[in-house]
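See structure below.
The values are calculated or read from the model by the stated rules, or taken from the named source; none is laboratory data. Computed from a predicted model, the values in this text were never measured in an experiment. For neighbour counting, all protein chains shown are included, and Cβ atoms are generated from backbone atoms with ideal geometry for every residue, glycine included. Heavy atoms of the whole protein, side chains included, go into the accessibility calculation; ligands, DNA and RNA do not. Shrake-Rupley method; radii C 1.70, N 1.55, O 1.52, S 1.80 Å.
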Amino acid sequence: MSVKHVLFVMTNAGEIGPHHRPTGYFFPEVAHPFEVFDQAGIAVEYASPAGGEVPEDGYDASDAAQLAFRQAKAIRRLSRSRKLSEVDVLDYDAVFVPGGLGPMVDITGNREVQAVIRRAWDAGMPVAAVCHGPSALLGIQRDDGTPLLAGKRVTGFSTSEEDGYARADVPFDLETALRGEGALYTSASDWQPHVVVDGRLITGQNPASAGPLAQAVVAALEGRA
């Protein structure tokens, strides 16, 4: 049996907004999916636009999964992420974009990221993103010029959640932007887990959704979705 591989597309951005808020990827949104994939025997590799070290945010040592990831060799590999331009996404079985505020800086609208996601999508691969990670899906077009998101059921960090978290720092409202591209957006109550599976497109609303989203990706890779 061949081992499945998931490519995590990471941010290199360490600050955001007019107040220079420190940011990066949100630690539990990598730690919890990694735990799920690792337990399922699925390998994880990391790439980012610039390659190398990726900044982090939101680490909580009281969370066993985060503490385990902090102490694992996997985080050493994360500190030496591959440069996205040197990666062929077809070498992998799925693509996942974690959140944190960082993706809104250097992932959203990044043509290289868009090309990777479009190539994965066209190849029939699962494409997943959580929290602010779905911002990576914005601006991607189908061959006929319509947004990839048009008519797709999705979720992501909600307007209500942003109002209580980083409204003064983010460049746009993610829920509004997703709806603006024709996505059929839904959300749960603030900070509650919510995962939407629309075929091969798998999205999660917030940090609490990261683990359940990874479980949905595993199901897709195992043909159970």
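Results, tabulated for the structure shown:
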| item | result |
| --- | --- |
| For the range 1-135, the Rg and Dmax computed from alpha carbons only, in angstrom | 14.1, 50 |
| Per-residue [θ]222 nm for the chain (sum of -39500 (n - 2.57) over DSSP H runs n ≥ 4, rounded to 500) | -8000 deg cm²/dmol |
| Full-extension gain in nm, R21 to W191, via 0.36 nm per residue minus C-alpha separation | 59.1 nm |
| Chain lengthening between R70 and R111 when straightened (0.36 nm per residue, less Cα-Cα) | 11.7 nm |
| Separation of alpha-carbon centers, the range 1-72 and the range 98-127, rounded to whole Å | 15 |
| Estimated FRET transfer efficiency when R0 is 35 angstrom, pair Y59-R82 (beta carbons, to 0.05) | 0.95 |
| Fraction of alpha-carbon pairs over 20 Å apart in the range 64-130 - percent | 38 |
| Kyte-Doolittle mean at least -0.5, axial Cα span of 15 Å or more - DSSP H helices of the chain | 28-39, 210-221 |
| GNM flexibility winner over the chain from P171, P55, P33 (Cα, springs under 10 Å) | P171 |
| Accessible area in square angstrom per residue, the chain, 1.4 angstrom probe | 42 |
| Solvent-accessible area, 1.4 Å probe, carbon plus sulfur percent, for the chain | 49 |
| Cα-based convex hull, the range 98-166, per residue volume (Å³, whole number) | 92 |
| Convex hull volume of the range 151-222 per residue (C-alpha atoms, cubic angstrom) | 80 |
| Sites T159 and A40 - FRET efficiency at Förster radius 25 Å, r taken between beta-carbons, to 0.05 | 0.15 |
| Under Karplus coefficients 6.51, -1.76 and 1.60, residue-wise ³J(HN,Hα) of the range 154-171 in Hz, glycine/proline x | 9, 9, x, 4, 7, 4, 4, 5, 5, 4, x, 10, 9, 3, 6, 10, 7, x |
